[in-house]
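Everything on this sheet refers to the single structure shown next.
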Amino acid sequence: MKVIKGLFVLISALILVSTLPITLESCGAQEIIQCKKLTPPDQGVCSVISGGNSLLISGNILAPSEIYIGGDILIKEGLIACVGCDCVGNTQDKPTRIICANGVVSPGLINAHDHLSYDHSYPGSWGNERFDQRNDWRLGKRGHTKLSYENNSDPLKIAWSELRQLISGTTSIAGSTGTKGLLRNLDIGSMQEGLKPVKILNHVFPLGDGKSGTQLERGCDYPQIDGTDVIDNNDCYLPHVAEGVDPVAHNEFVCLSGQAKGAVNLISKKTALIHAIALNEADAKILRDNSTTVVWSPRSNISFYGKTAPVTMYDSLGINIALSTDWTISGSMSLLREMKCVDYLNKYHFNNHFSDCKIWRMITANAAVGLAVGDRIGFLKPNYVADVVILNGSSVTNYYRAVIEADWKDIVLVLRAGIPLYGDKEPMALIPNGQSGCEDIIVNGCSDNKINKTGCINRETGHSFKDLVDANKDSYPLFYCQTPFNEPSCFPTRP
Ligand SMILES: [Zn+2]
């Protein structure tokens, strides 16, 4: 019986792969290619041999469908020029060489959803109360506790929140707001930091229920449902949908997928649904048939609702899943903490449904594809923009685990279009553009470890690190040495 079931799953998977409209090099077909043996430096993860502005990074390279052990990636004028076992032959000039025998080289992480203007806040607290739909806590509906938090767009506070993500290896975000420099703010046209422009419409209230908090179990009599122009006029439509666990949350999807009188059908290949918790299998098939992405925020879902989206079903259907932090109030302080939640759920609640590679793709390739920038970033491939993070992989054997298990201390170097933004003091000091407008930002950060990091905050924002610290005395910190204080729960339970 088990064999027959296995065969059925395999055949279904094959059919799915062959009909998948998004062309992704899939996990499972990875090849591990042994290239050259590299020598680790005496100290730290990477050594640097000075040279010109091009960068030749040697390490363990997470390419789309291969891992090159002791491989190379060559970066020229902000673009990836070569990925493989040997890129030396691809360059006439003398590049700066960054050699990281135990380093893992990944595309810069992409956070598919956040609310940066709230991320100065510490995690909220609502005890054991769990909500059924977001208007329950937003507006205190149906006898629930009303939670409210400060929306603060002070550029120094936003820069602080972007820096918190950057030091965790994130290079791009759809963060609802943003500030110049640091992260690429993909949903803000003027803050994409030189990327070929993308038009993302980030809508928190696609039904216009922000003020009224309308809660309907059936019918689409909402204040104002978005029109189809949101699809026509944008590369990506990114609405909050079905954030909750009850028929009220489900009805939002009904009315945004053309399934009832007065509904509008906004489900398309340009659509990426944030949350999508209260969907059933028939709904999921609509997403699959339209190549719609789901943006998943498990920690925030679980801390508010005790439950998260049916992601194993989504994945079995071949739906593209991108990961996101949502906000510090109910979610994770960084994608690295969000991955700890995913890793825990996968092991103890999802029967290891997701491979390590699949989890890694949720914060790289899947997020890029979902946000309509899959032709620019999210993959280490020639002609892609060189948004790259190098992580310390010295204590892992499976290189995807280096990303999944990393904490902020393991982030060795972050490049945006080949320009260093942040990293360990040693490589930063020797890489072109790693000094001017850059400063030491964390020294002796944690007692167990002397940590010397350099961040190019002044070059990016026009403010010093001290300016940011002074403006964020009451803000949620950039990092914790261990588990973040009062971190929202990732343990699914509904009393
Ligand atoms: Zn949100």
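Below is a table of values for the structure above.
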item	result
Residues in region 415-433 that a label on Gln43 would reach, taking backbone N under 16 Å of a point 7 Å out along Cα→Cβ	424-430
13 Å beta-carbon shell around Leu56, net charge (K/R +1, D/E -1)	+1
For the chain, the Rg and Dmax computed from alpha carbons only, in angstrom	22.1, 69
Value at 222 nm in deg cm²/dmol, rounded to 500, when DSSP H runs of n ≥ 4 in the chain each add -39,500 (n - 2.57)	-7000 deg cm²/dmol
Average Cα contact separation per residue, the chain, under 8 Å, 6 or more apart, as relative contact order %	18 percent
Fewest-first ranking of Ile225, Ile390, Ile33, using other Cβ atoms within 10 Å as the exposure measure	Ile33, Ile225, Ile390
Calculated from backbone phi, Karplus (6.51, -1.76, 1.60) coupling profile of region 411-427 in Hz, x at Gly/Pro	7, 8, 7, 10, 10, 10, 6, x, 9, x, 10, 6, x, 4, 4, 4, x
Extension reserve of the Lys466-Tyr122 stretch, reckoned as 0.36 nm per residue once the Cα distance is removed	121.8 nm
Hits among lysines - C-alpha to C-alpha of Lys94 under 17 Å, sequence gap 8 or more where chains match	Lys76
Residues of type lysines that Lys409 reaches as a straight line, Cα spacing below 23 Å, ignoring anything fewer than 8 places off in the same chain	Lys157, Lys340, Lys425, Lys450, Lys453, Lys466, Lys473
Most to least packed among 452-462, 99-109 [average Cβ atoms within 10 Å]	99-109, 452-462
Region 110-370, relative contact order in percent, only Cα pairs under 8 angstrom and at least six apart counted	19 percent
Met313 paired with Lys196, simple spin-label distance in nm, labels 7 Å along Cα-to-beta-carbon	3.7 nm
Proxy reagent accessibility, fewest Cβ within 10 Å first, across Thr271, Thr483	Thr483, Thr271
Label point distance in nm, Lys180-Lys261, each placed 7 Å from Cα along Cα→Cβ	5.3 nm
Extension gain (nm, one decimal) between Ser50 and Asp235, 0.36 nm per residue minus Cα-Cα	62.5 nm
Separation in nanometres of the label points that stand 7 Å from Cα toward Cβ, at Asp375 and Cys85	3.3 nm
Dipole magnitude of the chain about its Cα centre (Cβ charges: Lys, Arg +1; Asp, Glu -1), debye to nearest 20	520 debye
Prolate/oblate/rounded call for region 110-370, Cα gyration tensor, a/c under 1.5 rounded	rounded
Cβ-based exposure ranking for Cys341, Cys438, in which fewest neighbours within 10 Å come first	Cys438, Cys341
Karplus-derived 3J(HN,Hα), 6.51/-1.76/1.60, for each residue of region 478-495, Hz, glycine and proline x	6, 7, 10, 6, 10, 4, x, 4, 6, 4, x, 6, 10, 9, x, 7, 10, x
Aspartates and glutamates whose Cα lies under 12 Å from that of Lys36, excluding same-chain neighbours fewer than 8 positions away	Asp72, Asp86
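Values quoted throughout were computed directly from the atomic coordinates according to the rules given, and no laboratory measurement underlies them. Just so it is clear, the structure is predicted and the values come from calculations on it, not from any experiment. Please note: Cβ atoms are built from the backbone with ideal geometry, for glycine as well, and neighbour counts cover all protein chains shown.
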